[in-house]
């Protein structure tokens, strides 16, 4: 490492002043700027979170009595199908890789935009169209899709689920699937080819690393889903028998295809949020991320393992090889554990600032720990036979996805000021955190017990077992708390609207996005610092406090280094 | 039709549930305090078959591991956030790597994982074993009910939605189940057996139960199968071998013609309208 920092690199000034595009609504409709597209993605996906959340609140209200009559049996099936579909397909993924990653990744690597800006715009419009298409099912005569978000054949064929709602579900998912594939292409190309001088692969922020791996996983997994959906559509309308026994097809084939996409998808959803937390915890601990290289290899091994575990969703079909998928699934606990130890190691001997973003990130780690530990049970076939399709599984994946919501909120509080130029209110933010964090535990923990008491998932009523009411009510209380936390977020955005200017670097950030203005200019940078580590902005601001080289354990802090130029 | 209530079982379901909730919460703490003479249940129950008990013990093992690891990690986090909260504006030492520590928290989890895997394999081999048996029951799931056929006798039990068909099986005997579905995928799940398996169209799933105590247990479809999924119940009645034999005999004594016509009638009711009598279950397709 050089001791003396040189002049920041000045980027040519043309290209900024020259940019005289349209303004207002026309600018939003025609833009290819990754920041505006990313903001559109973020706003749309948070809207989807609210819609999916409303479905969840109706589901919880229906279950507040054993013979709930708030909605009919068929409406209930539509609600949980669309709750899962909206949250998985239309919120979590697009929010992470279309929203925050789209805005932050090019800035983190010092790029002016995504590699293919027009493709990026196409991604967003496909995503918006797909979302509207899928939700439009509610306005058809037969109602929305009602076969669960996994659409198991043969329940999803045209005999068992006739009607346009199911077709709109398939169409909407195809469109958002293509949008995801294009974003995956864009992320990979951008990260491989548009890094600034000095930004080597092992100097990329962990968030960018995770988005690269997410992009690769998208490219491996989503085309399989697309193919599967087209075959499902052919079975429904063109008389093929790919998933029907009658014509010599195999219903379980759908499950193989769906989960071959579906399990990498779990990590397509999770890795971006892991990345956000891995960027946030070091900043608010005032330390570099602990075990950077270990973290990268953990991410890569999660991605590799995730391609070989899909059949753990199918243990109870009785037609998959149990031991192989069991050990592969169990092994994922190892790199995931490495990540948790790295996060703790980062905080160790740090100076922890409990901002809202940091609290949300810590809430993520605790909630994800619960979801991760209960996931280990489900990797064991006998324990999966015991808990499969009960609320235990529902509780497990809600612990995981609610952890992701906490991480997403951490991301919004952390990067929001960079995107908008204004800070969010910390007091309301902390109140929101406690409602969200405690609400999540009150919501999920009773569901684990309900599952162990034998309550199956996707039950509109439970007349035989009125004793399940108490735990359901407790869970509904948690869901209400989560609802309040969402309202608090909306209130916070309204209250803080253009109130407290953030400045370029409100958190003493480490990475390049904190070197440019808030919001960044068109094409992101007027100047760049020397990139000598994965923390160029920190190195620039704290020339005397660079990270220790690999393998060096706790030598004395080096003397202040000269930073004049 | 009335939705049948739980038969009296000595202790009410409400009490049992409360006990279980209390056990799940209090026992891990009590075990810690009393240095654990017995392993807590962690919310599960041992069930009434030989394999349900193996599964339960595996559950306990996993839970002890999860509790220890979870507590350890949470304590580490708690220590970090309490001890290292920001006190001033000083910059801490910028350490980033500690190779021995990193190797430790990679290798130890791998060892734990292989331990869990070994325990899994031992129990799995018991649960999926299919010994030769003298009693076989063909279970067929359909929208929205169950049909239990006893090969070698004329016994057939069919019931749908609120009728709760009863699967009668002998205690202390290996009972072989052949599970199929006529339409969509269903889930055959008996809570007290700690076991579930999909009923797949075009596939015959086979497994064996060895019940160790008599009683009537609730079963339910766990895999979403359409409109009346929530009402697809059945019961499993475990009886003594002599009671089982006399139950089978009631079918054999009846003329085969009338038995067949009874089954025929039951099948036909499937095709009748599926609106359950329960008025609160406001229904109607679409």
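The values are calculated or read from the model by the stated rules, or taken from the named source; none is laboratory data. Every value quoted in this text rests on a predicted model; they were computed, and no experiment measured them. Every residue, glycine among them, receives a Cβ derived from its backbone with ideal geometry; neighbour counts consider all protein chains shown.
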Check: Looking at the stretch A:129-149, which of the residues that are buried (at least 18 other Cβ atoms within 10 Å of the Cβ) and out of contact with any helix residue (DSSP H, G or I) (no Cβ under 6 Å at 6 or more places or on another chain) is modelled with the highest pLDDT?
Finding: A:135
Item checked: Residues of the stretch A:535-564 classified as at pLDDT 90 or above and either more than 10 Å from chain B (Cβ to nearest Cβ) or closer than 22 Å to residue B:101 by Cβ (or both), total -> 6
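Please determine, by comparing only the residues of the stretch B:91-137 that are in a loop (DSSP other than H, G, I, E, B) and more than 30 Å from residue A:507 (Cα to Cα), which one is farthest from the other protein chains (Cβ to nearest Cβ). Please lay out each step first, then the result.
From the stretch B:91-137, those in a loop (DSSP other than H, G, I, E, B) are B:91-98, B:128-134; that's our starting set.
Right, trim to more than 30 Å from residue A:507 (Cα to Cα) and you get B:128-134.
Numbers: B:128: 7, B:129: 12, B:130: 11, B:131: 17, B:132: 19, B:133: 18, B:134: 23 Å.
Applying the filter and picking the extreme gives B:134.
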Next item on the list: Scan (1) touching a strand residue (DSSP E or B) at 6+ places or on another chain (Cβ under 7 Å); (2) over 28 Å from residue A:380 (Cβ atoms) for the single condition residue B:242 breaks and write down its number.
Entry: (1)
Note to self: For the list (1) more than 14 Å from chain B (Cβ to nearest Cβ); (2) without any contact (Cβ under 8 Å) to a residue 12 or more places away in the chain, I need the number of the one condition that residue A:439 fails.
What the structure shows: (2)
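Among the helices (runs of 4 or more DSSP H) confined wholly to the stretch A:28-121, which include 1 or more residues that are farther than 30 Å from residue A:147 by Cα? Don't jump to the end; show me each part of the working.
Details: elements: A:34-62, A:73-85, A:101-108.
Because the criterion is at least 1 residues that are farther than 30 Å from residue A:147 by Cα, the helices (runs of 4 or more DSSP H) in the stretch A:28-121 that meet it are A:34-62, A:101-108.
Do we have any residue at all in the stretch B:178-191 that's touching a helix residue (DSSP H, G or I) at 6+ places or on another chain (Cβ under 6 Å), in a strand (DSSP E or B), more than 8 Å from chain A (Cβ to nearest Cβ) and in contact (Cβ under 8 Å) with a residue 12 or more places away in the chain? First the steps, then the outcome.
Residues of the stretch B:178-191 that are touching a helix residue (DSSP H, G or I) at 6+ places or on another chain (Cβ under 6 Å), as a first pass: none.
No: zero hits.
Check every one of the strands (runs of 3 or more DSSP E) wholly within the stretch B:195-238 and list those with 2 or more residues that are within 8 Å of chain A (Cβ to nearest Cβ) and in contact with a helix residue (DSSP H, G or I) (Cβ under 6 Å, 6 or more places away or on another chain).
Numbers: elements: B:195-199, B:205-210, B:215-221.
Output list reads B:195-199.
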Checklist line | Residue satisfying all of: in the stretch B:46-90; at the interface with chain A (Cβ under 8 Å from one of its Cβ atoms) and not in a helix (DSSP H, G or I); surrounded by the most Cβ atoms within 10 Å (Cβ to Cβ) among these | finding: B:84
Checklist line | Selection within the stretch A:449-463 - at the interface with chain B (Cβ under 7 Å from one of its Cβ atoms) and part of a helix (DSSP H, G or I) | finding: A:449, A:452
Checklist line | Residue identified as touching a residue at least 24 places away in the same chain (Cβ under 8 Å), farther than 28 Å from residue A:405 by Cβ, within 28 Å of the chain's Cα centre (by Cα) and more than 14 Å from chain B (Cβ to nearest Cβ) among A:529, A:521, A:506 | finding: A:521
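Of the residues A:161, A:200, which is surrounded by fewer than 19 Cβ atoms within 10 Å (Cβ to Cβ) and over 18 Å from the mean Cα position of the chain (by Cα)? First the steps, then the outcome.
Working: A:161 fails: surrounded by fewer than 19 Cβ atoms within 10 Å (Cβ to Cβ).
Being surrounded by fewer than 19 Cβ atoms within 10 Å (Cβ to Cβ) and over 18 Å from the mean Cα position of the chain (by Cα) holds for just one of A:161, A:200, which is A:200.
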Next item on the list: Examine the stretch A:464-482 for a residue that is under 21 Å from the mean Cα position of the chain (by Cα), closer than 28 Å to residue A:45 by Cα and assigned to a helix (DSSP H, G or I), and state whether such a residue exists.
Entry: yes
Next item on the list: Return the only residue of A:240, A:214 being away from every other protein chain (no Cβ under 14 Å), touching a helix residue (DSSP H, G or I) at 6+ places or on another chain (Cβ under 8 Å) and crowded, with 20+ Cβ neighbours inside 10 Å.
Entry: A:214
Note to self: Regarding the stretch B:262-280, can at least one residue be identified that is more than 14 Å from every other protein chain (Cβ to nearest Cβ), farther than 30 Å from residue A:311 by Cβ and modelled with pLDDT of 70 or more?
What the structure shows: no
